[in-house]
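The structure appears below as structure tokens.
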Amino acid sequence: MSVIAFDGVCLGDGPATGVGRAFLDGLRAFAASGDEECVLLTPECAELEDLPGVRRVTAPRGRLRRQRQLPGLLRALGADLLHSSVAAVPLRAPCPTIATVHDLPWFHPELGERPSWWRRFATARALRSAARVLAPSTMTMRDARRLLGRDGDRVALVPHGALEATTTPEEQRDGPLLVLGDDRPRKNRARGAAPHARRDPRDRPPQRFVGPPADNVAEAEK
């Protein structure tokens with residue numbers, strides 16, 4: 001039986017939001033679909049519900065600690081593959097690695113975001129060392145292929161899954177139109193607001209942007 005390690009480093013910063021929720025949804029689906037042993041590597045502080053078919057193992061946090069200690073942990077687990085939820089994988093992993101890159105904002109200076117040189121360097125090293133790179137959007141896929149140059153064919157487009165939709169009768173729809181995401185320029189809230197503003201005010205619900213830092217609410221409230 002193959003041992004697939006899932007790097008849940010994104011789960012160590014409080015309740016799972018966008019990246020964390022997509023990662024956990026994919027892990028649940030994978031664990032339910034195959035015969036491989038699934039091992040979730042998470043920081044000690046992460047609080048998670050039970051995940052059927054998934055064994056949880058505490059893993060180190062911090063850039064240097066991960067580079068030093070993750071290879072030994074993967075060897076001890078007998079891991080055949082490491083699937084990381086972010087663009088950070090151990091450069092000397094004893095098994096193939098999959099990195100997930102969600103955005104590369106330094107390719108888009110018009111956004112006004114200026115990641116540190118260390119982040120740019122570390123991301124590039126991680127993507128070049130990974131056997132496969134996953135990107136959830138076409139723009140990020142193109143940016144990652146540009147970064148990798150002739151090795152760009154290792155980047156694959158894998159969009160995040162969608163939750164099952166529920167339908168409410170129109171006469172019962174009295175809440176706002178929620179737009180989820182924080183207020184960083186790359187989230188492009190203006191693009192989400194424009195079509196809503198063009199609709200007849202008599203035929204549109206109020207629009208509410210939900211996300212940090214100003215309006216971060218619990219999943220149940222959403």
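The values are calculated or read from the model by the stated rules, or taken from the named source; none is laboratory data. Fair warning: this is a prediction, and the values are worked out from it, not measured in the lab. Positions of Cβ are backbone-derived with ideal geometry, glycine not excepted, and every protein chain shown enters the neighbour counts. We work out accessible area using only protein heavy atoms, side chains counted, and drop any ligands, DNA or RNA first. Shrake-Rupley method; radii C 1.70, N 1.55, O 1.52, S 1.80 Å.
The table below lists the values:
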| item | result |
| --- | --- |
| Pick from the stretch 92-117, criterion aromatic (Phe, Trp, Tyr) and within 20 Å of the chain's Cα centre (by Cα), ranking: surrounded by the most Cβ atoms within 10 Å (Cβ to Cβ) | TRP106 |
| Residue tally, condition over 21 Å from ARG145 (Cα atoms), outside any loop (DSSP other than H, G, I, E, B) and small (Gly, Ala, Ser), over the stretch 58-106 | 2 |
| Residue that is nearest to GLY181 (Cα to Cα) [pool: residues in the stretch 1-16 that are without any contact (Cβ under 8 Å) to a residue 40 or more places away in the chain and open to solvent by 50 Å² or more (accessible area, probe 1.4 Å)] | ASP13 |
| Conditions (1) closer than 28 Å to ARG120 by Cα; (2) open to solvent by 80 Å² or more (accessible area, probe 1.4 Å); (3) of a type in the set (Lys, Arg): number failed by ARG66 | (2) |
| Residues of the stretch 69-91 satisfying the condition of being in contact with a Cys (Cβ under 7 Å, 6 or more places away or on another chain) and buried (at least 18 other Cβ atoms within 10 Å of the Cβ) | LEU74, ALA79, LEU81, LEU82, SER85 |
| Residue selected from the stretch 23-44 under the condition open to solvent by less than 30 Å² (accessible area, probe 1.4 Å) and hydrophobic (A, V, I, L, M, F, W, C), by the criterion nearest to the chain's Cα centre (by Cα) | PHE23 |
| Strands (runs of 3 or more DSSP E) completely within the stretch 111-222 that count 3 or more residues being more than 23 Å from LEU82 (Cα to Cα) | 177-180, 207-210 |
| Any hit, the stretch 178-185, residues being of a type in the set (Val, Ile, Thr) and over 25 Å from PRO96 (Cβ atoms) | yes |
| Exclusive hit being at pLDDT 90 or above and over 30 Å from TRP118 (Cα atoms), set GLY78, GLY34, GLY72 | GLY78 |
